[in-house]
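J.: Just dropping this structure here.
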Amino acid sequence: MHRPLLLKTLVCLVVLALMVSAINPHDRTTWLLEVLPVAFLLPALVYNHQRFPLSSLLYLLLAVQALGLIAGGHYTFARVPVGFWLQDWLDLSRNHYDRVGHFFQGVVPALIARELLVRKDRVHGKHLLPFVCVSMAMMLSAVYELVEWGTALALGQGAKAFLGMQGDQWDTQADMFCALLGSLTAMTLLVRLHDRSMAAIGKPQPVRSAIQGETVR
């Protein structure tokens, strides 16, 4: 798909999903808390598109994550139908849709960090670059868990659906572990694809691939 058409399609999908999700959500407070990041970031990305366009891969993954948050906001993460399908298919003990969301919470921030660091020529080295990107993704994951904690303290039982713990006392640690897996996946399996996506818009790539150590420019 032609890049301008792809970007317009992604924006329209996210906006449409956001509007539909506002119709009779399971819990209005949870919906608001979950879609707030999308409501803030989407206009910012559109506004900065001309001044600092991101790679198509990153826009696509951002849209997927946004749609995931919107679905979680509408149903609450513990009740998203896709999670129940996975639960039945894999014979799981609970709805693991939130785990998938936290996996993407590792993938997307790690690639955002990588793109910014590479294009601004801030970090060099095939080992240092992925380490910094994973660290930044984990910092964001930790901040998100602190936000959940603060929300729980402020709203009390009203934050139960937002937390989505489903009785798991290790939910916070499991969420952060999923984010770690996502960031490591991004820094291993998606590096070549990310380099090609950045090259397609004429943006610089690292002198050496973050993992493989191969010359790319």
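No lab work stands behind these numbers, since they all come straight from the coordinates. Quick caveat: nothing in here was measured; it's all calculated off a predicted structure. All Cβ positions, glycine included, derive from the backbone under ideal geometry; neighbour counts span all protein chains shown.
J.: Could you list Arg28, Arg114 in order of exposure, starting from the residue whose Cβ has the fewest other Cβ atoms within 10 Å? Don't jump to the answer; show the numbers that get you there.
T.: On the way: Arg28 11, Arg114 30.
Listing Arg28, Arg114 from fewest to most nearby Cβ atoms yields Arg28, Arg114.
J.: Step by step: find N for the range 56-119, compute 2.2 N^0.38 Å, then divide the Cα radius of gyration by it. What's the final number?
T.: Details: Rg = 13.8 Å, N = 64, 2.2 N^0.38 = 10.7 Å.
Relative to the rule-of-thumb radius for its length, the range 56-119 sits at 1.29.
J.: Here is a further query. Step through the residues of the range 84-92 one at a time and calculate ³J(HN,Hα) from phi using the Karplus curve (6.51 cos²θ - 1.76 cosθ + 1.60, θ = phi - 60°), rounding each to whole Hz and writing x for Gly and Pro.
T.: Couplings: 5, 4, 5, 4, 5, 5, 9, 6, 8 Hz.
J.: A follow-up question, please. Please arrange Met139, Met187 by how many other C-beta atoms lie within 10 Å of their C-beta, fewest to most. If you can, show how the numbers build up before the last one.
T.: Values: Met139 12, Met187 25.
By the 10 Å Cβ count, ascending: Met139, Met187.
J.: Work out how much length Val82 to Phe52 would gain on full extension: take 0.36 nm times their residue separation and subtract the Cα-Cα distance, in nm to one decimal.
T.: 7.4 nm
J.: Here's a follow-up. Each label point is 7 Å from the Cα along the Cα-to-Cβ direction; what then is the distance between the points at Leu32 and Leu146, in nm?
T.: My value for the distance between the label points is 2.4 nm.
J.: Still on this model: At 222 nm, what value in deg cm²/dmol follows for the chain if DSSP H runs of at least 4 each add -39500 (n - 2.57) and the sum is divided by all its residues, to the nearest 500? Write out the running numbers ahead of the final one.
T.: On the way: 9 runs with 153 residues, N = 217.
Using -39500 (n - 2.57) per qualifying helix, the result is -23500 deg cm²/dmol.
J.: Another question about this same structure. Using 0.36 nm per residue of separation minus the Cα-Cα distance, give me the extension gain between His2 and Trp89 in nm, one decimal. The partial results should precede the final answer.
T.: Numbers: separation 87, 0.36 × 87 = 31.32 nm, distance 3.61 nm.
Net length gain for the segment: 27.7 nm.
J.: If you put +1 on each Lys and Arg Cβ and -1 on each Asp and Glu Cβ, how big is the dipole of the chain around its Cα centre, in Debye rounded to 20?
T.: Numbers: 18 positive and 14 negative charges, 215 e Å.
Taking the Cα centre of the chain as origin, the dipole is about 1040 debye.
J.: Below 8 Å, C-alpha to C-alpha, sequence gap of six or more: please give me the relative contact order for the chain in percent. Can you show the working numbers first?
T.: Working: 265 pairs, mean separation 51.6, N = 217.
Computed value for the chain: 24 percent relative contact order.
J.: Would you kindly derive the ³J(HN,Hα) couplings of the range 182-196 from the backbone phi angles with the Karplus curve 6.51 cos²θ - 1.76 cosθ + 1.60 (θ = phi - 60°), listing them in order in whole Hz, with x for Gly and Pro?
T.: For the range 182-196, the Karplus-derived couplings read x, 5, 5, 4, 4, 7, 10, 7, 9, 4, 4, 5, 5, 4, 5 Hz, x marking Gly and Pro.
J.: For the chain, build the charge dipole from Cβ charges (+1 Lys, Arg; -1 Asp, Glu) around the Cα centre, then report which of Pro109, Leu16, Leu57 sits farthest towards its positive end.
T.: Comparing the listed Cα positions along the dipole, Leu57 ranks first.
J.: In whole angstrom, and with the biggest value first, how far do the Cα coordinates of the range 1-101 range along each principal axis?
T.: 46, 29, 17
J.: Which of Arg196, Arg94 comes first, and how do the rest follow, when ranked by fewest Cβ neighbours within 10 Å? Could the numbers behind the result be given before it?
T.: Values: Arg196 14, Arg94 17.
Ordered from fewest to most neighbouring Cβ atoms within 10 Å, Arg196, Arg94 come out as Arg196, Arg94.
J.: Here is a further query. Out of residues 5 or more away from His96 or on other chains, whose amide H comes under 5 Å of its own, with H placed 1.01 Å from N in the peptide plane?
T.: Placed amide hydrogens put Gln87 under 5 Å from His96.
J.: A further question follows. With springs only between Cα atoms under 10 Å, which of Gln169, Gln87, Gln65 fluctuates most in a Gaussian network model of the chain?
T.: Result: Gln169 has the largest fluctuation of those listed.
J.: Subtracting the Cα-Cα distance from 0.36 nm times the residue separation, let me have the gained length for Ala44 to Leu193 in nm, one decimal.
T.: Numbers: separation 149, 0.36 × 149 = 53.64 nm, distance 2.48 nm.
Answer, rounded to one decimal: 51.2 nm.
J.: At 1.002 mPa s and 20 °C, plugging the Kirkwood radius over alpha-carbon pairs of the range 3-200 into Stokes-Einstein gives what diffusion coefficient in µm²/s? Write down the numbers at each step before the final one.
T.: Details: Rh = 17.7 Å.
For the chosen part, D equals 121 µm²/s.
J.: Further question on the same structure: Please turn the phi angles of the range 119-130 into ³J(HN,Hα) values with the Karplus equation 6.51 cos²θ - 1.76 cosθ + 1.60 (θ = phi - 60°), one per residue in order, whole Hz, x for glycine and proline.
T.: With the stated coefficients, the range 119-130 comes to 6, 8, 6, 9, 10, 10, x, 5, 9, 5, 4, x Hz.
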